[in-house]
Amino acid sequence: MTFRPIMLFALFLLPFAVGAQDGCVYFFHKFKAISFAENEQPGNSIPEYRRAFAEHTHDLADLLNAAHLALKYDSLDAATSFLNAAAACGLAWEDVPEAIKTPALAARITDYDRWNAHFHPLPPKADILLIARIRRMAERDQSVRDLEVEVEDNVMWAADSLNARELRAIVAEMGRLPGYSDLGWEGLDDLDLLFHHMQFKDLQFFMPYVIAGIRAGEYTDNTTIAYQIDRIAVSEGRALYIDEEDQLRELPTPQTPLVGRAYWSVTGEWDDFLPSGESVLWPIWPALGEAGANKTRQRLCLDPVSEGARRKPWLRQASATAVRTAFGIKD
């Protein structure tokens, strides 16, 4: 099985400032769990993780983060439980990150019998042919982005457009976006990769399907989607938002540039470099404001902008004036 390393995310997340809305319960409890962990309250954090995983256990990175946290606070039973769920997601013992493979935990997996008892390579209803189809699309995406080979932008756009057309065909066949139950966690990684480079019209088409997948627990990387909306907004000057029908819309008046050819954030997820080399969170387009960005984030089951910024302490929230000044532009 091909394994993509799972990064252990820094435990800096804070809870939602809004209640757990329909379909967002998983994220509500996950953010609470990490907030408690950051405040060294494992007695509260681990139960919140359990509440999140009672909704679903489809996000392997979250399971590994929870297991890592449990080990940090000597909660071996919780760590074993979370890793058993990871095994059920198809994670082989040899692919468990070394930071988690403590001697105490390894002793729990005597001869790996217990691990193998939980191990399932794929979800019960996974579609092998669909997994292979999505994998080929991901490979096409990466083949034109090999850092050792320079390709023209139009070559990458052609590959992205072909992938989008194929994904549209899959959605037409299924009546929905494929998700964890169809693809498993590796296939879901491949699907997620397609959204990293998707163009506006295609992302606009898929948005209702993506949000339906998020709320059904079948697609979990809502942060990637918000970041891609921002990528388009910052590079193309589109004033984007998600409405109450889960449609990706555009304000009739486009953005004006922030600096040079760079425009403004619309979701609060974009970060970029200043001339000094510092990476900062990008200012939000004033016509939307933080309230408008929060409405988009709410549709994606994300926490508000202010909470999202606080869970990224390595990034400073920069004002428009600060960004322009850094680039030598006077207001």
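The values are calculated or read from the model by the stated rules, or taken from the named source; none is laboratory data. If you're wondering where the values come from, they're calculated on a predicted model, not measured in any experiment. Here the Cβ is made from the backbone with ideal geometry for all residues, glycine too, and neighbour counts use every protein chain on show.
The table that follows gives values for the structure above.
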item: Within segment 73-94, tally of residues that are out of contact with any His (no Cβ under 7 Å at 6 or more places or on another chain) and either surrounded by fewer than 14 Cβ atoms within 10 Å (Cβ to Cβ) or polar (S, T, N, Q) (or both); result: 6
item: Residue match in segment 273-280 (condition: within 18 Å of the chain's Cα centre (by Cα), of a type outside the set (G, A, S) and farther than 30 Å from A216 by Cβ); result: no
item: Counted residues, segment 168-190 - those being within 16 Å of A212 (Cα to Cα), out of contact with any Lys or Arg (no Cβ under 6 Å at 6 or more places or on another chain) and either free of Cβ contacts under 8 Å to residues at least 60 places away in the same chain or not aromatic (F, W, Y) (or both); result: 12
item: Selected residue [over 27 Å from K125 (Cα atoms), among the basic types (K, R) and at pLDDT 95 or above] from R238, R261, R176; result: R238
